[in-house]
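Engineer: This is the structure I have questions about; it appears just below.
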Amino acid sequence: MMRVAIQLVAVCGLFGAGASLAQVAASPASAGAATPAAPAMKRASVVLQPGLDGVRAALREVRVEKWKTSGAVREEMDGDVGSIQRDLDGTLPGLLSVADSAPDSVGKVLPAYRNVEALYDVLLRVASVARLAAPQAQSAALDGAMADLDSGRRMLGDQLQSSAVAVEKQVVDLQTALKAVPAPAPVPTRTVTKKKVKP
């Protein structure tokens, strides 16, 4: 997924954070260029909802105080679980709202994608410890949630990559079309001579 993120950041740099595929396609310079239609993107919340619902359900099952590990590890995992819950309830909904307002905008969807990537990393850490220390039911719930979220984030990443490729193709087509436009012919200049008036 790192390669996807790098490519998306590069495309956002070309068009600005809010630039959308529709805006590029509608530009006057593209009127005569044959560019492919941008792929239709599902709303980020629709793509991620099953995974996020699974994470919320798993967190309701988690009881870190029952894990068989050191107090320091339990404290760290309790902090990670709290961090995931705060993200689900506070940060992520706003990012998804922005992303859903313009599903074809790489710049608006990318922050939500990055957030989910970070959330997945924290969930992976918690699930890894749970396999060793948590009761089997809690560990299984976290593993299932992680698999569901992984599926959603990969799907969203694939959509973003497809959109980035389409934008790059449009840029190349527009640049090619502009180079093919002949330079305008120079405007002929007229020399005006004044007649001398005899005194």
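Engineer: Give me the extension gain from Ser162 to Glu75: residue separation times 0.36 nm, minus the current Cα-Cα distance, reported in nm with one decimal.
Structural biologist: Numbers: separation 87, 0.36 × 87 = 31.32 nm, distance 4.10 nm.
Computed gain between Ser162 and Glu75 is 27.2 nm.
Engineer: How large is the Rg to Rh ratio of the range 90-199 when both quantities use alpha carbon positions and Rh follows Kirkwood? It would help to have the intermediate numbers written out before the result.
Structural biologist: On the way: Rg = 30.0 Å, Rh = 19.1 Å.
My calculation puts Rg/Rh at 1.57.
Engineer: Follow-up question, since we're still on this one. Which of the peptides 102-112, 116-126, 65-75 is most tightly packed, and how do the rest follow, going by the mean number of other Cβ atoms within 10 Å of each residue? Please list the in-between numbers first.
Structural biologist: Working: 102-112: 22.3, 116-126: 17.8, 65-75: 11.9.
So the order, starting with the most tightly packed, is 102-112, 116-126, 65-75.
Engineer: If I stretch the segment between Lys42 and Arg63 completely, what's the gain in nm (0.36 nm per residue apart, minus their alpha carbon distance), one decimal? Kindly include the intermediate steps, with their values, before the conclusion.
Structural biologist: Values: separation 21, 0.36 × 21 = 7.56 nm, distance 3.50 nm.
Using 0.36 nm per residue and subtracting the Cα-Cα distance, I get 4.1 nm.
Engineer: Here's something else I'd like to know. Could you calculate the FRET efficiency of Arg131 with Arg86 from 1/(1 + (r/R0)^6), where r is the beta carbon distance between them and R0 is 22 Å, rounded to 0.05?
Structural biologist: The computed FRET efficiency comes out at 0.40.
Engineer: From the phi angles alone, apply the Karplus equation (6.51, -1.76, 1.60; θ = phi - 60°) to the range 105-117 and give each ³J(HN,Hα) in whole Hz, x where the residue is Gly or Pro.
Structural biologist: These are the phi-based 3J(HN,Hα) values: 8, 4, x, 7, 7, 4, x, 5, 4, 4, 4, 5, 4 Hz.
Coordinate-derived values only; no laboratory data. Given the structure is predicted, the values throughout are model-derived calculations rather than measurements. Positions of Cβ are generated from backbone atoms using ideal geometry, with glycine treated the same way; all protein chains shown enter the neighbour counts.
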